[in-house]
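The values are calculated or read from the model by the stated rules, or taken from the named source; none is laboratory data. Keep in mind it's a predicted model, so treat the numbers as computed, not measured. Don't worry about glycine lacking a Cβ; one is built from the backbone with ideal geometry, like all the others, and counts go over all protein chains shown.
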Amino acid sequence: MSREDLTKIILPEDKVPKFWYNVQADMPNPLAPGLHPGTKQPLGPADLAPLFAMGLIAQEVSTERYIEIPPEVRELYKKWRPSPLFRAHGLEKALDTPCRIYYKYEGVSPVGSHKLNSALPQAFYNKIEGIKRLTTETGAGQWGTALSLACKFFDLECMVYMVRVSYDQKPYRRMVMGVYGGQCVPSPSNLTESGRAELARNPNTPGTLAMAISEAVEDAAKREDTHYSLGSVLNHVCLHQTIIGQEVKMQMEMVDDYPDIVIGACGGGSNFAGIALPFIPDKMAGKKIRLVAVEPAACPTLTRGVFAYDFGDVAGFTPLLKMYTLGHDFTPAGIHAGGLRYHGDSPLVSQLYHDGLFEATSVMQNGVFEAAMLFAQTEGILPAPESSHAIRAAIDEALKGKEEGISKSIVFNLSGHGHLDLNAYDNYLSGQMEDVAPSDEQIQASLKNLPSA
């Protein structure tokens, strides 16, 4: 099988991984413990039990290298997994680059993104524990859509608090949640104390993921039949997404190639973690591989944030996690990549970045959509704004290879399609899209409110 001629690389169904890869088994430095938001003492399972299923709590703290995927979840994965790995011949030709560009296409999932990889096991573990209802937040709507469908598969109710700016920008995504049986409201809302308080302070707020998390956690805490579900950041979410990178490694072997550069968009961390974490052992063993996380310049958590304990939400309901953060009070501009508008980052991703095991870069919104347009016109797939951050970085690396006369193998995570993001493309095509980035003063003002820990 020639890597030069093959365009679509598909594993047979029986090659769907049977285990998730747990990077905690191989990290050079362990994670700092999560802290109780009230006592500031290290969290125990009993502290998390009111919000999460015990099966997920066990995964959160596990240091086993491989954790078995439940058969019920794996069978549902087979509805679309293994997802295809494509060689981007059209994009390579347009760039006139000697580099080989591959993309792992998670947009083939029933919900159009990688988010279902974690939504299914989260719904499963809650179902077997007797939970009847899940609450969650969503930025651009991919996670809310995924959890709505996963809850329907496992006969659970689903309540979604969607960041207001995305709720308005992406009406069709909230409609799809309704089709799958989920209930979606804009956040901040009048349904919770934290939402009402935020609306009183700032009636015209665009909302943030941190605010939506506060509402979802508050909602879950008030009902015994309800748990909270998170679409990124936490260890068990990153764990579930590693099915992506494991498949990539097998697919690259099929064409006798190995990546020089692995790229993923990074907001809360699950997108990047999914494709990159399975390559961490190779890097630690001396492989010449670069792992690159790409974030929006409007919310530059890794590239301009600090490594510190912070809340994951505005109201301070969540545990304190040590992560790269811009401060839980930080309100990013209302960019179209709503899934990347989060003030913090995964503790796993943050620790690995702090240890120098991968790189991070930030990119402006117009450059992202310029890359998305070129990709759509050469590969025929309309990419999600979040995924297009990875496309931007992949193009930049391919052009750098052209300048240097070096042929590199570049793989990126095309984490979802952009069929329900057409308003963003319309803004770009009409010249209305703005490049925004916070000032140092804005970031420092938010960081002043970091909790003591």
- Query: Is there a residue being free of Cβ contacts under 8 Å to residues at least 40 places away in the same chain and either in the same structural domain as Ala293 (by TED's automatic domain parsing) or surrounded by 19 or more Cβ atoms within 10 Å (Cβ to Cβ) (or both) anywhere in region 401-410?
  - Reply: yes
- Query: Taking the condition crowded, with 24+ Cβ neighbours inside 10 Å and closer than 21 Å to Asn423 by Cβ, does Ala384 pass?
  - Reply: yes
- Output the residues belonging to region 422-442 that are within 22 Å of the chain's Cα centre (by Cα), among the aliphatic types (A, V, I, L, M) and in a helix (DSSP H, G or I). Leu422, Ala424
- Query: Hey, any hits in region 365-378 for a residue that's farther than 23 Å from Val233 by Cβ, in contact (Cβ under 8 Å) with a residue 40 or more places away in the chain, touching a strand residue (DSSP E or B) at 6+ places or on another chain (Cβ under 9 Å) and not in a helix (DSSP H, G or I)?
  - Reply: no
- Query: Pick from region 113-142 the residues that are part of a strand (DSSP E or B) and not basic (Lys, Arg): which of them is nearest to Phe272 (Cα to Cα)?
  - Reply: Ser113
- Query: Can you pull out the residues in region 143-182 that are closer than 22 Å to Gly269 by Cα, touching a Gly at 6+ places or on another chain (Cβ under 6 Å) and part of a helix (DSSP H, G or I)?
  - Reply: Trp143, Ser148, Arg164, Val165, Ser166, Arg173
- Message: If the requirement is being under 20 Å from the mean Cα position of the chain (by Cα), part of a loop (DSSP other than H, G, I, E, B), closer than 30 Å to Val436 by Cβ and assigned by TED's automatic domain parsing to the domain that holds Arg100, which of these qualifies: Gly274, Gly267, Gly207?
- Response: Gly267
- Item | Identity of the residue in region 227-268, in contact with a Ser or Thr (Cβ under 8 Å, 6 or more places away or on another chain) and of a type in the set (D, E, K, R), that ends up nearest to Gly34 (Cα to Cα) | Glu247
- Of the criteria (1) at pLDDT 95 or above; (2) surrounded by 13 or more Cβ atoms within 10 Å (Cβ to Cβ), which one Asn29 fails: (2)
- Message: Which numbered condition in (1) of a type outside the set (D, E, K, R); (2) at pLDDT 95 or above; (3) part of a helix (DSSP H, G or I) is the only one that Phe412 fails?
- Response: (3)
- Message: Considering only region 33-48, I want to know if a residue exists there that is of a type in the set (A, V, I, L, M, F, W, C) and under 30 Å from Ile381 (Cβ atoms).
- Response: no
- Test: Phe375 is modelled with pLDDT of 95 or more and in contact with a Pro (Cβ under 7 Å, 6 or more places away or on another chain): yes
- Are any residues in region 37-53 surrounded by fewer than 15 Cβ atoms within 10 Å (Cβ to Cβ), assigned to a loop (DSSP other than H, G, I, E, B) and in contact (Cβ under 8 Å) with a residue 12 or more places away in the chain, and if so, which ones? Lys40, Pro50
- Within region 423-437, the residues that are crowded, with 18+ Cβ neighbours inside 10 Å and under 10 Å from Asn366 (Cα atoms) are Tyr428, Met433
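Residue-wise test of (1) over 19 Å from His114 (Cβ atoms); (2) surrounded by 24 or more Cβ atoms within 10 Å (Cβ to Cβ).
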position: Glu295; (1), (2): no, yes
position: Leu302; (1), (2): yes, yes
position: Gly338; (1), (2): no, yes
position: Asp345; (1), (2): no, yes
position: Met373; (1), (2): yes, no
- Query: When region 54-81 is examined, which residues are found to be of a type in the set (D, E, K, R) and either farther than 21 Å from Glu129 by Cα or part of a strand (DSSP E or B) (or both)?
  - Reply: Glu64, Arg65, Glu68, Lys78, Lys79, Arg81
